[in-house]
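Have a look at this one.
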Amino acid sequence: ALAKRDSMRIKRALLKFARGLIGRGFAAWIEAMDEAVFERILLQRTIASILHVKLRAAYNGWLEASSVMKRQRVIMNRIIRRIAGRCLVTAWDTWTASVTELSRQRRIVRRVLRKCLHRTLARAFDAWADWLPHISGNQRKVQMVLAR
């Protein structure tokens, strides 16, 4: 029985030792996996940082170019407005001068036509008034017509 107990103790000791070896092996494997995961994450961060630097540089370049284009667009719009404004001002001045001149000419033509018409009417009426007494001996009819 003593030999049996010693044999059991030896078996237990061997099992404990084997379990320890397996446990240490498993622990070493877990530690290696944790380290590999950490290194992979570190590598991904490094690559992402490098890519972000390039991406950030490209974005900053685009942002600068777009702001330069916006400033150039504003300047070009001002220049176009000035040119168009000058053309419009010139056209407006020409139109207003033409309207003023045509209005002045119309007033002159109306005045001349009125004078001509009144002169012609006055001459016609004077001629008729002078001619009427000669045709008609009746003075009273002439005065009635003239009185109207």
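Quick one: is Arg119 under 29 Å from Ala147 (Cα atoms), open to solvent by 100 Å² or more (accessible area, probe 1.4 Å) and without any contact (Cβ under 8 Å) to a residue 60 or more places away in the chain?
Answer is yes for this residue.
In the list Gly25, Gly61, which residue meets the criterion of being within 51 Å of the chain's Cα centre (by Cα) and open to solvent by less than 60 Å² (accessible area, probe 1.4 Å)?
Gly61
Thr90: in a helix (DSSP H, G or I), within 32 Å of the chain's Cα centre (by Cα), at pLDDT 80 or above and of a type in the set (Ser, Thr, Tyr), yes or no?
yes
Going through segment 40-58 one residue at a time, which ones are open to solvent by less than 100 Å² (accessible area, probe 1.4 Å) and at pLDDT 90 or above?
Answer for segment 40-58, where residues must be open to solvent by less than 100 Å² (accessible area, probe 1.4 Å) and at pLDDT 90 or above: Ile41, Leu42.
Quick check on Ile108: is it at negative phi and open to solvent by 80 Å² or more (accessible area, probe 1.4 Å)?
no
The values are calculated or read from the model by the stated rules, or taken from the named source; none is laboratory data. Predicted model, so just to flag it, every value in this text is computed and none were measured. Methodologically, a virtual Cβ is constructed for each residue, glycine included, from the backbone with ideal geometry; neighbour enumeration extends over all protein chains shown. Each accessible area value is taken on the protein alone, full model and side chains, heavy atoms only, with ligands, DNA and RNA left out. Shrake-Rupley method; radii C 1.70, N 1.55, O 1.52, S 1.80 Å.
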